[in-house]
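Everything on this sheet refers to the single structure shown next.
The values are calculated or read from the model by the stated rules, or taken from the named source; none is laboratory data. If you're wondering where the values come from, they're calculated on a predicted model, not measured in any experiment. Backbone-built Cβ (ideal geometry, glycine too); neighbour counts: all protein chains shown. We work out accessible area using only protein heavy atoms, side chains counted, and drop any ligands, DNA or RNA first. Shrake-Rupley method; radii C 1.70, N 1.55, O 1.52, S 1.80 Å.
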Amino acid sequence: MAPMTVPSPAARPRTGVPKTVWDLVFTLLIPILILSPNILGSGISVADLLGGDTAGNIKAYVIAALIPVVYVLVDLIVNRNVSPVALIGGAGAIFSGALAFWYVDGFWYAIKDSARSYLVGLFFLISAGTRVPLFRVFLDAASLGEKPEERAATQQAMRDPVVHRGLVGATIAFAVVDLIGGVINSAVNYARVTAEFGSDAFNAQVAEVNALMRVPSLVISLAGVALALWLVQSAVKRRYGAGASLLEPTKLREAMRERGELPA
């Protein structure tokens, strides 16, 4: 699976093309074209241009795997995004890039292609037992654009024991969903990427599965985020009332003020 890019308010290229389009081009379309043994029916393949046979196929595979990684890292550098979320995304990209040089097929390729999901899920599970569960890091990053008084209220709410337990549950839920997504992706790869590494068929099967799994992987990731947010929001409402929302800092601050936890 291609590394996920890190959202950034300033990440829109000067051409006016939406960043989502660039994400699609560099993390899916270009890698698929590079892996294709017959680009758009032209009879041309990148592997042939790189020498053909096993060596050419391996070079094409490595290039296709590294292009999304380089795109993510350049995006972070250009936007000068050093938030915790961005750093996590960058670390995941570097990890994915390193795995590109692990030349395996069959079962181990299926594991490798989901390794990022397994690693992220493991880190989230471990963090759930600490004072700063990783889902809180994402919410912290989302609150950076709030007014100082609203951000202070958000930070105070997330330190509350009831909300903290919600953040722990959200972190675990996000991790479990990410792990499930990894298992599904591994199963699909194991079933469909059956050719020997370095062959035309292997690259073609990898391209096919990347295209096939893009939407399901996105849906699974969004489901994990939605479940995690629901758990946090439920905890906030239990603590501060039905009108409170961690995603709406003005309402949260008002609910906290009504309970006497903030100055009028």
Within region 236-264, the count of residues that are over 19 Å from residue 151 (Cβ atoms) and touching a residue at least 40 places away in the same chain (Cβ under 8 Å) comes to 1
Pair list, Cβ under 7 Å, 6 or more apart: region 222-233 residue under 11 Å from residue 169 (Cα atoms), other residue open to solvent by less than 50 Å² (accessible area, probe 1.4 Å) and among the aromatic types (Phe, Trp, Tyr)
228/135; 228/174
Only residues that are crowded, with 18+ Cβ neighbours inside 10 Å and within 22 Å of residue 103 (Cβ to Cβ): list them for region 200-223, please.
200, 202, 203, 204, 205, 206, 207, 209, 210, 213
Do we find that residue 130 is of a type outside the set (Phe, Trp, Tyr), in contact with a helix residue (DSSP H, G or I) (Cβ under 9 Å, 6 or more places away or on another chain) and either surrounded by fewer than 21 Cβ atoms within 10 Å (Cβ to Cβ) or at pLDDT 95 or above (or both) in this structure?
no
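Would you mind finding the one in 165, 80, 151, 136 that is without any contact (Cβ under 8 Å) to a residue 60 or more places away in the chain, surrounded by fewer than 18 Cβ atoms within 10 Å (Cβ to Cβ) and among the charged types (D, E, K, R)? Spell out how you get there, then give the answer.
Values: 165 fails: without any contact (Cβ under 8 Å) to a residue 60 or more places away in the chain; 151 fails: without any contact (Cβ under 8 Å) to a residue 60 or more places away in the chain; 136 fails: surrounded by fewer than 18 Cβ atoms within 10 Å (Cβ to Cβ).
Only one candidate qualifies: 80.
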Flag if residue 46 is under 23 Å from residue 189 (Cβ atoms), under 14 Å from the mean Cα position of the chain (by Cα) and buried (at least 20 other Cβ atoms within 10 Å of the Cβ):
no
Take residue 130 and decide whether it is within 22 Å of residue 234 (Cβ to Cβ) and out of contact with any strand residue (DSSP E or B) (no Cβ under 7 Å at 6 or more places or on another chain).
yes
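Looking at region 120-150, which of its residues are charged (D, E, K, R) and either assigned to a helix (DSSP H, G or I) or over 22 Å from residue 88 (Cβ atoms) (or both)? Talk me through it step by step, then tell me what you get.
Within region 120-150, the first condition is being charged (D, E, K, R), and the residues that meet it are 131, 136, 140, 146-147, 149-150.
Listed by number, the residues that qualify are 136, 140, 147, 149, 150.
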Exception for residue 181 within (1) surrounded by fewer than 21 Cβ atoms within 10 Å (Cβ to Cβ); (2) within 24 Å of the chain's Cα centre (by Cα) falls at (1)
Selection from region 189-207 of residues that are in contact (Cβ under 8 Å) with a residue 24 or more places away in the chain and over 17 Å from residue 52 (Cβ atoms):
189, 190, 193, 194, 206, 207
Of all residues being under 20 Å from residue 23 (Cβ atoms) and outside any helix (DSSP H, G or I) in region 83-113, which is modelled with the lowest pLDDT? Just the residue, please.
83
Within region 231-264, residues open to solvent by less than 70 Å² (accessible area, probe 1.4 Å) and hydrophobic (A, V, I, L, M, F, W, C) come out as 231, 232, 235, 236, 244, 246, 252, 255, 256, 262
